[in-house]
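Trainee: My questions will all concern the structure given below.
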Amino acid sequence: MKSDLFFQIINALETHEIKAYYQPQYDSNSGRLVSAEALVRWEREDGTLVMPDDFVPLLEESDAICTLDWFMAEEVCKTLREMGENAIPIAVNFSRWHIRENDFCRKLNGLLQTYGINPKLFEVEITESALSEEDFCVVERWVYGIADLGVRIAIDDFGAGFTSLQFVKDLPVDFLKIDKAFLADNCQDERGRGTLETVFFFASKLNLRTIAEGVETIEQLKFLQSMDCDRVQGYLFSKPLRKEDFIVIALFDNEPAVDEKDIYLETFSSNTALLSTIKQEYQLIIFGNLCKNSYYLMSQSPEMDFGAPTAGVIDDMTENAMAQAPKGYDKKYYDTLSREALINAYNEGKRRIEVEVKQQVEEKVLTLHTVVHLSKHPYRDDIMMVGMSRVISFE
Ligand code: C2E
Ligand code: CA
Ligand code: CA
């Protein structure tokens, strides 16, 4: 008999309480954010956050887990599409049940096509133990099918079983994801260190790239760098993030994760609290790079939905807004809020612009009080903007 919890989870999928969070992965040498792993979270109505360990194992008892995994795969496609040409690869966890899912590749291909996603941006994560429990022929067919789509494959929790080296040797996989248990004791333990060295040696011989997860300390990072590990992921750099926070960091704040990254743990949670406060004050918040002519809608209440894409080109957004401005107000919009106007203002030394603009929404006119803050990007020569709009009247 299926438990209450089981039905609650299925219901949570329908009511959108199940969410994809994203944990950034960094190039271990440059410290740049290069990819991410999608991890499921259950945000219950009462505000509690349920972690996967409390519900994924129950779903994994049957092929019900497939529903969740496909849901996550679709969420990832949506996120990749929103990130547009700045998208970075995102990995999705697939449980062992998918190996025997008849039309797995057709389904995956269909999803990528529907959302127009380059297959190279989608990574399939499957655990080493899932692969080793299946017949090699079945696994081989499954892995080759995925690789033929151009989708990358990572073997998760690698080394935890250590029974399946021959599996890896003969399969077109791209990444070995080293089990975090190996990083215990700060990589100081002789035997653990020896095993890790062997895994990295083995990976380099087979031309496989490596990802270390669960990196929590600078000592672990330094050791992994010395092993030529390709990507690192862990609390040292970032926890799994809500989609909005992840996109902002990936698109606009992708700077080397250097020493003292541990302070980021604090910053992320307080940033999230700060953001939600500001979102209550302003119905529309836009983050943009004026030099790169790109923007991202950080927050948008339903009454502010003018049909602009979540991320896109600032000039297109301006054109759109001017087309929807009542007579006479299109020029005012251009003179104050276009990219050209904002760059000129910045060059004249202005750092804050405040203006009232109007938009025609069907029969009604929406008056918006807009404040734009201008600043130089902390590391590059780009001019950044944060624009926040509040509805003053709608009549
Ligand atoms: P996993 O795939 O091995 O994911 C890595 C886990 O390590 C995640 O736990 C992540 O939050 C956690 N982690 C990240 N950095 C650190 C760190 O520095 N230190 C430590 N100690 N842990 C770190 P999470 O999100 O609780 O997920 C647990 C497991 O649930 C995952 O392990 C995966 O097996 C499963 N899971 C999560 N999402 C999905 C999904 O969409 N589908 C399926 N089938 N399984 C999922
Ligand atoms: Ca994983
Ligand atoms: Ca893992």
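Laboratory data are not the source of any read-out in this text; all were calculated from the coordinates shown. Nothing here was measured: the structure is a model prediction, and the numbers come from that model. In this analysis, Cβ positions are derived from the backbone assuming ideal geometry, glycine residues included, and neighbour counts consider all displayed protein chains.
Trainee: How long is the gain from residue 375 to residue 303 if the chain were fully straight, where each residue apart is worth 0.36 nm and the alpha carbon distance is subtracted?
Mentor: Additional length available on full extension: 23.1 nm.
Trainee: Can you find, among 294, 77, 3, the residue sitting farthest towards the positive end of the charge dipole of the chain, where Lys and Arg contribute +1 and Asp and Glu -1 at Cβ?
Mentor: Farthest towards the positive pole: 294.
Trainee: In addition: For the range 130-161 and the range 1-65, what is the centre-to-centre distance using only Cα atoms, to the nearest Å?
Mentor: 22 Å
Trainee: Considering the range 73-119, what Rg and Dmax in Å follow from its alpha-carbon atoms?
Mentor: 11.4, 34
Trainee: Quick one: compute the contact order of the chain, relative version, from alpha carbon pairs under 8 angstrom and 6+ residues apart, as a percent.
Mentor: 12 percent
Trainee: Give me the Kirkwood hydrodynamic radius of the chain, using the inverse of the mean 1/r over all pairs of distinct Cα atoms, in Å to one decimal.
Mentor: Value: 23.2 Å, from the Cα pair sum.
Trainee: Using the Cα centre of the range 1-46 as the reference point, and only Cβ charges (+1 on K/R, -1 on D/E), how large is the resulting charge dipole? Debye, rounded to the nearest 20.
Mentor: That gives a dipole near 180 debye.
Trainee: Hey, another quick one. Return the Rg/Rh ratio of the range 1-104 with Cα-based radii and a Kirkwood Rh.
Mentor: My calculation of the ratio gives 1.01.
Trainee: Using r as the Cβ-Cβ distance of residue 291 and residue 327, and R0 as 25 Å, what FRET efficiency do you calculate, to the nearest 0.05?
Mentor: Using R0 = 25 Å, I get an efficiency of 0.20.
Trainee: Any idea what the relative contact order of the range 321-395 is, in percent, if you count C-alpha pairs under 8 Å spaced at least 6 apart?
Mentor: Once divided by the residue count of the range 321-395, the mean separation gives 25 percent.
Trainee: If I model a spin label as a point 7 Å beyond the Cα along the Cα-Cβ vector, how far apart are those points for residue 363 and residue 17 in nm?
Mentor: 4.1 nm
Trainee: A further question follows. Using +1 on the beta carbon of Lys and Arg, -1 on that of Asp and Glu, and nothing else charged, what's the dipole of the chain about the Cα centre, debye to 20? Mind showing how you got there, number by number?
Mentor: On the way: 41 positive and 67 negative charges, 232 e Å.
Roughly 1120 debye, rounded to the nearest 20.
Trainee: Counting alpha carbon pairs within less than 8 Å and at least 6 residues apart, what relative contact order, in whole percent, applies to the range 68-185?
Mentor: 23 percent
Trainee: Translational diffusion coefficient of the range 322-391 at 20 °C, 1.002 mPa s, Stokes-Einstein with Kirkwood Rh over Cα pairs, in µm²/s as a whole number.
Mentor: 166 µm²/s
Trainee: So how tilted is helix 243-252 from the main axis of the chain? Cα-based, degrees 0 to 90, rounded to 10.
Mentor: Roughly 80 degrees between the two axes.
Trainee: Still on this structure: Dividing the Cα convex hull volume of the range 26-175 by residue count, how many Å³ per residue is that? Don't jump to the answer; show the numbers that get you there.
Mentor: Working: hull volume 21.0 nm³, N = 150.
Hull volume normalised by residue count: 140 Å³.
Trainee: Counting helices only, and only those DSSP H runs with n ≥ 4, report the 222 nm mean residue ellipticity of the chain as the sum of -39,500 (n - 2.57) divided by its residues, in deg cm²/dmol to the nearest 500. Write out the running numbers ahead of the final one.
Mentor: Working: 14 runs with 153 residues, N = 395.
My calculation for the chain gives -11500 deg cm²/dmol from helical runs alone.
Trainee: Considering only DSSP states other than H, G, I, E and B, which trypsin sites (Lys or Arg not before Pro) in the range 335-371 qualify as loop sites with at most 11 other Cβ atoms within 10 Å?
Mentor: Working: sites: 339, 350, 351, 352, 358, 364; in loops: 350, 351.
Sparse-neighbourhood loop trypsin sites (Lys or Arg not before Pro): 351.
Trainee: How large is ³J(HN,Hα), in whole Hz, for each residue of the range 346-357 in order, when computed from phi with the Karplus curve 6.51 cos²θ - 1.76 cosθ + 1.60 and θ = phi - 60°, using x for Gly and Pro?
Mentor: With the stated coefficients, the range 346-357 comes to 4, 5, 7, x, 7, 10, 9, 10, 10, 8, 9, 10 Hz.
Trainee: While we're looking at this one, here's another question. Using Cβ counts within 10 Å as a stand-in for footprinting exposure, how do 385, 51 rank, fewest first?
Mentor: 51, 385
Trainee: For the chain, what proportion of DSSP beta bridges, expressed in % and rounded to the nearest 5, is antiparallel?
Mentor: Around 70 percent of the beta bridges assigned by DSSP in the chain are antiparallel ones.
Trainee: Just the Cα atoms of the range 99-202: what Rg and Dmax do they give in Å?
Mentor: Values for the range 99-202 (Cα only, Rg and Dmax): 15.5, 50 Å.
Trainee: Once the dipole of the range 1-151 is set up with Lys and Arg at +1 and Asp and Glu at -1 on Cβ about the Cα centre, which of 91, 56, 42 lies farthest towards its positive end?
Mentor: In the range 1-151, that residue is 91.
Trainee: Going by how many other beta carbons lie within 10 Å of each one, how would you line up 138, 372, fewest first? Let's see the in-between values first.
Mentor: Details: 138 12, 372 23.
Final ranking by Cβ density, sparse to dense: 138, 372.
Trainee: What's the exposure ranking of 246, 6, going from fewest to most Cβ atoms within 10 Å? Don't skip to the answer; put the middle values down first.
Mentor: Numbers: 246 23, 6 16.
The most exposed by this proxy come first: 6, 246.
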